[in-house]
Amino acid sequence: MKVDIVTIFPDLVAGPLGTSIIGRAADAGLVDFTVHDLRDHGLGRHRSVDDEPYGGGAGMVMRPEPLFAAVEPLRDAGAHVVLMDPAGEQLDDASARELATYDHLALVCGRYEGFDERIRTLVDREVSIGDYVLTGGELPALVLVDAVVRLLPGVIQEESHRGDSFASGLLEYPQYTRPETFRDLTVPPVLLSGHHGEVARWRRQEALRRTSERRPDLLGAIALDDDDHAFLRSIGFEPE
Ligand code: JFT
């Protein structure tokens, strides 16, 4: 997958892309990032990318000319163009999986009070990462990259996807590693028992318990079998 990112803060974006699993995916040639400095298309001696809003009001707005100059060539090269915007559709497991099907993404990051409305004619979709206020689109673009690139074949062991909480529709079961006793906190004996069937049943039930406590909204969206219902009744989540 090719990923172009357009920003006035290329260093802010490039650092994290070279790190950890995403950096390793790039080193392995599974994804190819190019970070574009929007100021290369800025206007005038100050390479300006923003201006005052028509009609008045506080703050500045991203001008269209630099963004068109930066993004049109990426569009013409076949990129699926994504505008990071607080008013976009919220990124979730389904949209991350859909975005992972494109060969070429272009992520457009802005700052200030947002984009001149005409910039929206350049893009295929507008995406937000959630309902909280950030100062610009760079961190959202990095979140999107992290969520999408880990889904590309070969980036992480396909095994790991099985446990993805939003793929199963349940939150993850509790996990433990060594030591068996830490302070006076012990590991549930079933995990030390070597009974793979019992371990799988315990994990399923603990995932159901945790989901019923923390995200009961998720339980309505997945298929539950008779054992699941019996367990949920036993913990008082479902009526007798
Ligand atoms: C914030 C953003 C996302 C996403 C793009 C641009 C300017 C600052 C701002 C904040 C609130 C209202 C402008 C951006 C985001 C998110 C994305 C911009 N700002 N107006 N904030 N929070 N979840 N995606 Cl351009």
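Stretched out straight at 0.36 nm per residue, the stretch from Arg97 to Asp124 would grow longer than its current Cα-Cα span by 8.1 nm. The alpha carbons of the chain stretch over 70, 42, 38 Å along the principal axes, in descending order. Expressed as a whole percent, the accessible surface of segment 123-240 that belongs to carbon and sulfur atoms is 51, based on a 1.4 Å probe.
With contacts defined as alpha carbon pairs under 8 Å and 6 or more residues apart, what's the relative contact order of the chain in percent?
Values: 331 pairs, mean separation 43.4, N = 240.
18 percent.
Which percent, nearest 5, of DSSP beta bridges in the chain are antiparallel? Write out the running numbers ahead of the final one.
On the way: 5 of 26 bridges.
If I count the DSSP bridges inside the chain, around 20 percent turn out antiparallel.
If I build a Gaussian network model for the chain, linking alpha-carbon pairs within less than 10 angstrom, which residue out of Asp227, Asp116, Asp11 has the largest mean-square fluctuation? With Cα springs under 10 Å in the chain, the top fluctuation among Asp227, Asp116, Asp11 is at Asp227.
Based on the mean of other beta carbon atoms within 10 Å per residue, what is the order of 67-80, 97-110, most packed first?
Working: 67-80: 16.6, 97-110: 19.8.
Packing proxy ranking, top to bottom: 97-110, 67-80.
Please work out the average accessible area per residue across segment 2-158, using the 1.4 Å probe convention, and give it in Å². Show your work: numbers first, answer last.
On the way: 8040 Å² over 157 residues.
So segment 2-158 comes to 51 Å² accessible per residue, rounded to a whole number.
Qualifying chymotrypsin sites (Phe, Trp or Tyr not before Pro) in segment 103-140, where qualification requires a DSSP coil assignment and no more than 15 other C-beta atoms within 10 Å, comprise Tyr132. Accessible surface calculations at 1.4 Å, restricted to protein heavy atoms, place segment 198-240 at 66 Å² per residue.
Exactly which trypsin sites (Lys or Arg not before Pro) in segment 130-199 are in a DSSP loop and have at most 13 other Cβ atoms within 10 Å?
Working: sites: Arg150, Arg162, Arg183; in loops: Arg150, Arg183.
For trypsin sites (Lys or Arg not before Pro) across segment 130-199 that sit outside H, G, I, E and B with at most 13 neighbouring Cβ atoms in 10 Å, the list reads Arg183.
The values are calculated or read from the model by the stated rules, or taken from the named source; none is laboratory data. Quick caveat: nothing in here was measured; it's all calculated off a predicted structure. Every residue, glycine among them, receives a Cβ derived from its backbone with ideal geometry; neighbour counts consider all protein chains shown. Note: areas computed on protein heavy atoms with side chains; ligands, DNA, RNA excluded. Shrake-Rupley method; radii C 1.70, N 1.55, O 1.52, S 1.80 Å.
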